[in-house]
Structure formats: structure tokens, C-alpha cells
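The values are calculated or read from the model by the stated rules, or taken from the named source; none is laboratory data. Here the structure is a predicted model, which is why all the values come from computation and not from measurement. Don't worry about glycine lacking a Cβ; one is built from the backbone with ideal geometry, like all the others, and counts go over all protein chains shown.
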């Protein structure tokens, strides 16, 4: 399923090469996690195989609210919605005319997207490293302390204190780069932004608890 890639990584034209210039990535990450309550913007998600060849590109919009709520909508090249309401993850695939409901914690147990949504220290689960400044962005690396994690490494880039990019490398050496655009920190989101209502006529599949 197309959504599996999002969950195994949840998310520029080439793989980022981080320079060695001194940066403030850790400070930017700390400030972001302390101050972010809601987030809104657009994204471009590019996937690369182990040979660094582009295999897929998608784009869409996102809304997030801490703790544990997000709406991640793919617009191109297909329409798919992933909505977390704090308890369940709803996945709507327009082409398949199907909605899948899963317990949120079960579905996103190792998803890097939860790094941005949980109010807890990252030191327990990740080794944090300041990776320096590259082309005006401050980068920080996060490596899971558990060897069995699906994701080998997460890299976050900040423009000042605003999230700009997220790069993920999985256990197979494949990379996903998510470039964030038009980002707004702590905007007022629409009431019910994370309430999901299945479109009329689609099948709803509920995963076992």
C-alpha cells in the first residue's frame, strides 16, 4: 500500500549532503519542540532507492496539533488522506474508495512524524547530533537507540526555528526527503480539523485493537 511508506518514514531534487560548518541545529530543535503547538503548510516528498535514484515524488498539505493530531493529505500524484484524531489513524484512499481505521499508537509506533507531535524528551529514544549548517539550514541528526527500529536515521533541518526539511533513511538504505513549504507556526486551525468523516459510499475497514 502506498501509505506504508509514509508510516515507515512519517516523509528537494537530490539527497542532501550535510556540510561541516558549525550550526545551531540542536538549539533550533529544542526551541521548535518547546514552542510548537500547531503547524500548517505544504510538503514535497521525494523517495530514493539505495542507489540514490529517485523512485517517487508526491506533494500535498499538512496540519498538526500537539499532542498526537495531524492531517496529512497527498494531492499529487494521487489523492490520499491520513488523519490522526489523537486516538485513531484514518487512512482514506480515493482511488480504492476505501477508508482504514487503526489505533493511532499501534499504527505510528515507530513513525518519525510522532517526533513532532509528542511532548516528551527525545534523548531516551534517540542519539542527537548537531550536523552543522548547510545552505542556510541548521541540521540535526537523530539515530534510534534501538537497533531493531525501522528507521536508521532521521535528519531535521531548520530555517531559524522553523522546520524546513526532514530526511529519513530506512533499514534497507532507502531515503525519503520531505521539503516543507509555506510553513506557519502555531496558526489557528479550523474547528474539527482532525475529525474524519468517511465519504459516502466508501468501504470502512477497522483494524483489530
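Remarks
- Here residue 117 passes the criteria (1) surrounded by 15 or more Cβ atoms within 10 Å (Cβ to Cβ); (2) within 19 Å of residue 153 (Cβ to Cβ) except the one numbered (2).
- Residue match in the range 20-32 (condition: modelled with pLDDT under 90 and in a strand (DSSP E or B)): yes
- Residues within the range 183-209 that are within 20 Å of residue 31 (Cβ to Cβ) and either part of a strand (DSSP E or B) or modelled with pLDDT under 95 (or both), tallied: 3
- When residue 118 is tested against (1) at pLDDT 90 or above; (2) out of contact with any helix residue (DSSP H, G or I) (no Cβ under 6 Å at 6 or more places or on another chain), exactly one condition is not met: (1).
- Annotation note: of 188, 181, 155, the sole residue that is closer than 26 Å to residue 47 by Cα and loosely packed, with under 12 Cβ neighbours inside 10 Å is 181.
- Listed by position, the strands (runs of 3 or more DSSP E) contained in the range 80-127 that have at least 1 residues being over 23 Å from residue 178 (Cα atoms) are 88-93, 98-103.
- One residue alone among 66, 57 is more than 22 Å from residue 186 (Cα to Cα) and surrounded by fewer than 19 Cβ atoms within 10 Å (Cβ to Cβ), and that residue is 57.
- Checking 164, 107 one by one, the residue that is modelled with pLDDT of 85 or more and surrounded by 19 or more Cβ atoms within 10 Å (Cβ to Cβ) is 164 and no other.
- For residue 136, the conditions (1) surrounded by fewer than 11 Cβ atoms within 10 Å (Cβ to Cβ); (2) more than 29 Å from residue 54 (Cβ to Cβ) are fulfilled apart from (2).
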